[in-house]
1. Over all distinct Cα pairs, what is the inverse of the mean 1/r for the chain, reported as the Kirkwood hydrodynamic radius in Å?
2. Roll a 1.4 angstrom probe over the protein heavy atoms and tell me the percent of accessible area of the chain that is carbon or sulfur.
3. Based on the mean of other Cβ atoms within 10 Å per residue, sort peptides 15-21, 47-53 so the most packed one is first.
4. Sequence neighbours fewer than 8 away in the same chain don't count; with that in mind, list the lysines whose C-alpha is under 23 Å from Lys75.
Amino acid sequence: QVQVVESGGGLVQSGGSLRLSCAASPRIFSIYVMGWYRQAPGKQRELVATIPTLGSTNYADSVKGRFTISGDIAKNTVYLQMNSLKPEDTAIYYCNIAAHGGGNYWGRGTQVTVSS
């Protein structure tokens, strides 16, 4: 059974930085996109950033210029560098890996809290 595990969350002051990491095991084959989503209290889960096997990265407008997604498809790892954090970035951040054939894998999430 595939497990997706996030790490790197925590408490940071406004303007600070965090780097989230995500890894899947055992290895997932035929990945077509990896990404980060977040869910704030009382809100729906929303896309933060995605990195496809082919094509360009994609970011939510609210994080463009501040967050950077990177990853290694072959190693099933994906990262999210978050700079200039704001209190509104406070949420649980989830890693998602989607594969051809219907595989869609989620981690349990990591809490990011940004204090003002």
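1. Evaluated over the chain, this radius sits at 14.1 Å.
2. Solvent-exposed carbon and sulfur of the chain make up 48 percent of the total.
3. The peptides rank, most packed first, as 47-53, 15-21.
4. In chain and number order, there are no partners.
The values are calculated or read from the model by the stated rules, or taken from the named source; none is laboratory data. Just so we're clear, the structure is a prediction, and the values are computed from it rather than from any experiment. So basically every Cβ, Gly included, is an ideal-geometry build from the backbone, and we count neighbours across all protein chains shown. SASA here: full protein model, heavy atoms, side chains in, ligands and nucleic acids out. Shrake-Rupley method; radii C 1.70, N 1.55, O 1.52, S 1.80 Å.
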